[in-house]
Amino acid sequence: MKGNNSFDAENSLKNPIIDEKAVSLDNSYILKMCGNSSGKVAVALSDSTCEIYSFDNSSLKKLDKLTDPIKGICDIRFSRQNDSTLYIGSSDGGIRMWDTRSGNSCSTTYEDPQTRESVKPLISFDISCNDRVLCGGTEVVQNDAFMLFWDIRSKSLLGGYWNSHTDDIMQVQFSSQQPNKVVSGGVDGLINVFDISEQTEDDALQYSLSTECAVDIINWISDDVVSCITQNIDVQFWNVDSADQINTFTREDIAKAAQNINVEDCYIVDVYNTKENIPFLVTGSYADERKGLKLLQVTDDGLVLKSNLDSNKQIVRCSWYDRESELLVSGGEMGILSLWKSFGLNTNAKSKTDSSLLMGMKKLKVHKNKPY
């Protein structure tokens, strides 16, 4: 590399696009996306429909369209163990299960039995790594924000937590290795770490981490590290076993690393981890969607620009990264699904998501018990 933050065009592919598809022809946005290790990606559109595609090193191919509309889709997830099962959550408080092999109708709905009395609108949900538990995070309802848990096999509501967040729960994420470990992030600025094998919410809450800003997106980067994108467009990395904040990048840091992007135009699509355990950010620019989509690698020296995705045609709303194939899928406001090869991310790397990221650690306020 020519310096810590300079972009070496000779070592990176400037336009690594493989394929793209116009998912929608009626100005519908691609709002949400999920994928799996079988090379499938599902997208939820603003017209309340979902489509499923396969992807490989050469193309995107449409497999199915779930035409039965679901209003207010908040998130979508593939089953952890069955790539033909897709879950779709919505603001009506329900999570619907679809078996894509048996047609376009919902086969099961998971909901709160009290929904008829008081709807708890879902914002996010996730599935445990052993495919046994669904967890949904809700808006504030009558002064409480809920985490609801369902048994996938019996379809019954197991119970909920409602004392750990004081505002909307924007994200819940199960560990990919530990089925009882789940983190949640809220508008109250807290990342809560739970062990749901415990009998009570008080005992289940292991840590409550203060980000000092509303949480937007959380991702597991490794077995013990999560990334957090805040609504201030900052990125934080936390060790959820030790409750330490191990790295942070401000919106100014990100815009500077991306090069030729104004701070006020900079946005973050998501944060991922390569198979070499190298975290990277997918970032964009509201001012120039074509030039703005870039991949920034996390190193001990800060953020390094690795790829300009100059063939991008839209403001990107969501993405999916497959670690094994190193393929990135993005979707956004023009209804275009794009497939990219993420060249260069595993080269010239100096950091991994282990103790090396602890360099320059700035520890924030940490609550080992609930702060209210």
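The values are calculated or read from the model by the stated rules, or taken from the named source; none is laboratory data. Values in this document were obtained by computation on a predicted structure and should not be read as measured data. Ideal geometry is used to build each Cβ from the backbone, glycine not excepted, and the neighbour counts take in all protein chains shown. Keep in mind that these areas ignore ligands, DNA and RNA; they rest on the heavy atoms of the full protein, side chains included. Shrake-Rupley method; radii C 1.70, N 1.55, O 1.52, S 1.80 Å.
When peptides 323-331, 52-60 are sorted by average Cβ neighbour count within 10 Å, with the highest value leading, the order is 323-331, 52-60. Working note: Cα gyration tensor of the stretch 153-281, eigenvalues times five, square-rooted, sorted largest first, giving semi-axes of 28, 16, 13 Å.
So for the chain, what percent of the C-alpha to C-alpha distances run longer than 34 Å? Across the chain, Cα pairs with separations above 34 Å total 24 percent. How big is the gap, in Å, between the Cα center of the stretch 288-312 and the Cα center of the stretch 121-155? Rounded to whole Å, the Cα centres lie 34 Å apart. In summary, the aspartates and glutamates within cross-link reach of K120, defined as a Cα separation below 16 angstrom excluding same-chain residues under 8 places away, comprise D75, D92, E111, D112, E139, D144, D167, D168. The relative contact order of the chain, computed from alpha carbon pairs under 8 Å that lie at least 6 residues apart in sequence, is 16 percent. Return the subset of K61/K306; K61/K341; K71/K155 for which the Cα-Cα distance in this structure is over 24 Å, preserving the input order. Beyond 24 Å: K61/K306. Net charge dipole, the chain: roughly 740 debye, given to the nearest 20, about the Cα centre with Cβ charges of +1 for Lys and Arg and -1 for Asp and Glu.
The residues of the chain expose on average 42 square angstrom of accessible surface per residue, using a 1.4 Å probe on protein heavy atoms. Our note on the geometry: Cα centres of the stretch 244-283 and the stretch 169-226, 21 Å apart.
Shown is the FRET efficiency for K313 and R101, computed with R0 = 25 Å from the Cβ-Cβ distance and rounded to the nearest 0.05: 0.15.
Expressed as a whole percent, the proportion of Cα-Cα pairs in the stretch 85-209 lying more than 21 Å apart is 35%. The calculated 222 nm mean residue ellipticity attributable to helices in the chain amounts to -1000 deg cm²/dmol, summing -39500 (n - 2.57) over DSSP H runs of n ≥ 4 and dividing by all residues.
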